[in-house]
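Only one structure is covered here, and it is reproduced in the block below.
Every number here is computed from the coordinates shown, using simple stated rules; none is lab data. Since the structure is predicted, the reported quantities are computational estimates derived from the model, not experimental observations. Here the Cβ is made from the backbone with ideal geometry for all residues, glycine too, and neighbour counts use every protein chain on show.
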Amino acid sequence: MLEVSSFEDVTCIRMSPTMGGKPWAWVACYLVDGLLVDTGPANVSEELMRFLENKKVQKVVNTHYHEDHVSSNVAIQKKFGIDIFAHPKAVPKISKPAKLFSYQEMVWGYPVPSKTKKIGERINTENYQFEVVHTPGHSDDHICLFDPKKAWLFSGDLYTSEKPNVARPEERQWEIIASLKKVRTLKPRIMFPAPGNVVTDASAVLDRTIVYLESLGERVQRLHEKGMSPAEIRDVIFGEEAAALRYMLRVRGVQKLTFRDFTNDQFSTENLVRSFLKNRIECLRSF
């Protein structure tokens, strides 16, 4: 399923698989002045290609290597014969995707390996010059794009919500906080995040997100210093995992699973707690 909307000169293309005819996992790519930011998941690739049929796509940037951001790369390259750019750390991962968990293939589909080029400090279109900002934390290859003229920030998965309550095992929250602070210094006006929920008061939202994450991290560390395990800290701060997530997924209309169970423990509140306990100095080395 595709939902298309426009904001200023940017076209937001939200994509989701469907279950029972209803969307349930949104991710977006953005088209601006011939530049496509991310290409979305494999299982909506055909719909995306139909939408782009008469569009003048001239180049692509992948914000990071995850399957819901790169899986239409090959189809777009075949159709438009254009270059795709990504952070140097993303290039080998996109060219040889790792084995996915079953939920990833079910939700997004498997990405066909594709060739990308190492992105530089800027990416230009006819009317805009985007600064490339390395923003690790969600993944080590993550980048954002910023246009100083419009104060637009294409933030990928660096920002998804003001109060995130789940994380992947490899995420590093102190790095995410540092990356959020880095893009905040740019004074963005509009933020275009991966879920497709365009943020019109970007700097204020970033401020609130940073305060929330720093406060959460300090609380996690205090409880850890008292001898609590990550699971115990999770329960004190968020309540039990299922209660914290507040929704269930019905698989095949029969079995109910928590989001943690459905994703093979890849997205969980306990992972969020654990990510705050990783050495802060180690997390900030890249800065």
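Antiparallel beta bridges, as assigned by DSSP with both residues in the chain, represent about 75 percent of the total such bridges. Placing a pseudo-label 7 Å from each Cα along the Cα-to-Cβ vector at Val211 and Glu3 gives an inter-label distance of 2.9 nm.
Only Cα pairs under 8 Å and 6+ residues apart enter the sum, and on that basis the relative contact order of the chain stands at 14 percent. Charging the Cβ of each Asp and Glu at -1 and of each Lys and Arg at +1, and nothing else, the dipole of the chain about its Cα centre rounds to 280 debye.
From the helices alone, meaning DSSP H stretches of at least four residues, give me the mean residue ellipticity at 222 nm for the chain, per-run term -39500 (n - 2.57), in deg cm²/dmol to the nearest 500. All intermediate terms of the calculation are to be shown ahead of the outcome.
Details: 12 runs with 97 residues, N = 287.
So the helix-based figure for the chain works out to -9000 deg cm²/dmol.
A dipole drawn for the chain from +1 and -1 charges on Cβ atoms has a positive end, and of Leu158, Phe192, Tyr65 the residue lying farthest that way is Tyr65. When the GluC sites (Glu not before Pro) in segment 120-151 are filtered for DSSP coil states and for at most 13 other beta-carbon atoms within 10 Å of their beta-carbon, the remaining sites are Glu121, Glu126. Legend: calculated FRET efficiency, Lys278 to Glu53, from the Cβ-Cβ distance at R0 = 51 Å, rounded to 0.05, equals 0.70.
Across the options Pro169, Tyr128, Gly239, the greatest Cα extent toward the positive end of the charge dipole of the chain (unit charges at beta carbon of Lys, Arg, Asp, Glu) belongs to Tyr128. Beyond a 31 Å Cα-Cα separation, which of these cross-linked pairs lie in this structure: Lys93/Lys278; Lys22/Lys278; Lys78/Lys181; Lys78/Lys163; Lys96/Lys150; Lys150/Lys278? Flagged as over cut-off: Lys22/Lys278; Lys78/Lys181; Lys78/Lys163; Lys96/Lys150; Lys150/Lys278.
With a sphere of radius 14 Å drawn around the Cβ of Ile94, what net charge do the other residues whose Cβ falls strictly inside it have (Lys, Arg +1; Asp, Glu -1)? Don't skip to the answer; put the middle values down first.
Numbers: positive: Lys89, Lys93, Lys96, Lys115, Lys117, Lys118; negative: Asp38, Glu67, Asp68, Asp83, Asp140, Asp141.
My count for the surroundings of Ile94 gives 0.
Which GluC sites (Glu not before Pro) from segment 1-96 combine a DSSP loop assignment with at most 13 other Cβ atoms within 10 Å?
On the way: sites: Glu3, Glu8, Glu46, Glu47, Glu53, Glu67; in loops: Glu8, Glu53.
Passing sites in segment 1-96 are Glu8, Glu53.
GNM on the chain, alpha-carbon springs under 10 angstrom: the most fluctuating residue among Thr135, Thr39, Thr185 is Thr185.
How about segment 1-102: which trypsin sites (Lys or Arg not before Pro) there lie in a loop by DSSP and see at most 10 other Cβ atoms within 10 Å?
Filter output for segment 1-102: Lys56, Lys99.
Express in nm, to one decimal, how much length is gained between Lys78 and Arg222 on full extension, taking 0.36 nm for each residue of separation and deducting their alpha carbon distance.
This chain segment gains 46.6 nm when fully extended.
Its residue count N sets the reference 2.2 N^0.38 Å, and the alpha-carbon radius of gyration of the chain equals 0.99 times that reference.
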